[in-house]
Amino acid sequence: MKLLMISTDRGLLNPDSGVSTRMRAYGELFDTLDVIVFVRGVHQEVALSERVRVYPTNSTFRIGYIFDAIRIAQARTFSVVSAQDPFETGFVARCIATKRRCPLHLQVHTDVFATAFKQHSVLNRLRVRCARWLLPQAQGIRVVSERIAASIRAQVPECTVTPVVLPIAVNPCTASPRVFPYAQTILMVSRLESEKHIHRAIDAFARIARTHPDAGLVIAGDGRLRAAFEKQVCSHGIGNQVQFLGTVADVCPLYAGADIFMQLSAYEGYGMTLVEAALAGVPILTTDVGVVGELLIDGGSCLVTSGVTSDIVQKLEQLLDNEPLRLVLAGRAQEAARAHVRSSIEYLEAYKEAFTCTEL
């Protein structure tokens, strides 16, 4: 099979990035794997291996992604075209597939029909409409969780293709714990964007800090709202108990050094950090998103919060003050995560199968 992918992941232009490493592994599954990446500016084509090549659109404006990607595809040979989402890249992939009369494959990493996703922005509401239009036209669909598969079945009944559930590959990591200057460390690993609800975490921790002066909140990740969140921390007067680490290349030591992992996203397609935390044996407090209800069970292998500040505080106190509960939740989550994660060979076989079912 010769596969063409449409992507927005600019990490593919860096041969040393994690996504480039994964793409080289995927390339071994196909005769050729060409990836067109939406990007502005001037970038060079990248040969990740003999079988894998990355083509930047080098567009002047965002609207140019569509026309530049179609132009690049005209010079490529492929038998299946796949998009990383059923939105902008999906629209381009559909145009290419229609022109070349080849199968269309869509990947869905986001819980696109979640209420919180639709309400987040006007753009997201347009993306929902795009997904409803594109999904019934695909010959193959890969989703990263059963939650997304169920939502497609419920929201797009005219879609006759059965989604293939193939989670994001997560490898267990072993690392020496990072030492934090707190008696108990609450860890968050997240982009600092509005849908991640970091502001609620800070408000909740400000109340926790009054009764647990030796506890600390560590936030790894970066984003557009970092300055606003840092200002919020200062306004609460808890700067000595909160750390912003920025982007961290290797998060394994963070999990190993944490006492609680907290995630408050409004929506997640999968929730890779939840799986990473579970594999590391860290007790988890999370909203009902991603693999919650599938891999992690409220009260059994994690605690689920509504996301309301008072409920976050109550659940955090429950975890901080009850070590036996933390040990039980962490142990059950780790056991479930280990059973959930596939070996590299099994994962690659499943990945290839997700595409071969689209061949006409």
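The table below gives the values:
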quantity	calculated
Cα-projected label distance for GLU50 with GLU353, points at 7 Å along beta-carbon direction, nm	2.8
5 angstrom amide H check on VAL242, placed H, neighbours 5+ away	LEU217
Segment 1-121 - percent of accessible surface contributed by carbon and sulfur, probe 1.4 Å	49
Angle between the chain longest axis and helix 88-100 axis [Cα atoms, degrees, rounded to 10]	20
Listed peptides 130-140, 279-289 by packing density, highest first (mean Cβ within 10 Å)	279-289, 130-140
Principal-axis tilt of helix 146-155 within the chain, Cα atoms, nearest 10 degrees	60
Accessible area per residue in Å² at 1.4 Å probe, computed on the chain	45
Part-to-part distance (alpha-carbon centres) for segment 123-191 and segment 26-84, which is given in Å	23
Label-to-label distance, nm, for residues given as CYS173 and THR60 (7 Å Cα→Cβ offset)	4.2
Extension gain, ASP321 back to SER17 (0.36 nm per residue minus Cα-Cα distance, nm)	105.4 nm
With Cα atoms, 0 to 90° folded angle of helix 18-27 axis to the chain main axis	40
Lys, Arg +1 and Asp, Glu -1 on Cβ, resulting dipole of the chain about Cα centre, debye, nearest 20	1240
Segment 127-237, dipole about Cα centre (Lys/Arg Cβ +1, Asp/Glu Cβ -1), debye to the nearest 20	240
Compactness of segment 1-44 - radius of gyration and Dmax, Cα, Å	10.7, 31
Aspartates and glutamates with Cα under 13 Å of LYS231, excluding same-chain neighbours fewer than 8 positions away	ASP203
Average Cα contact separation per residue, the chain, under 8 Å, 6 or more apart, as relative contact order %	14
Cα-projected label distance for VAL328 with ALA75, points at 7 Å along beta-carbon direction, nm	6.3
Heavy-atom accessible surface of segment 228-326: percent carbon and sulfur, 1.4 Å	50
Residue-span extension gain [THR98 to ARG224] - 0.36 nm each, minus C-alpha spacing	41.6 nm
Sequence-distant aspartates and glutamates (8 or more away, or on other chains) whose Cα lies within less than 17 Å of LYS352	GLU28, ASP31, ASP34
Cut-off 19 Å, label 7 Å out along Cα→Cβ of LEU123, residues of segment 29-56 by amide N	37-41
For segment 247-332, Kirkwood radius (reciprocal of mean inverse C-alpha pair distance, Å)	12.9
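The values are calculated or read from the model by the stated rules, or taken from the named source; none is laboratory data. As the structure is a computational prediction, the values presented were derived from the model and not from experiment. With ideal geometry, Cβ positions are generated from the backbone for all residues, glycine too; neighbour counts draw on all protein chains shown. All accessible areas refer to the heavy atoms of the entire protein, side chains included, with ligands and DNA or RNA removed. Shrake-Rupley method; radii C 1.70, N 1.55, O 1.52, S 1.80 Å.
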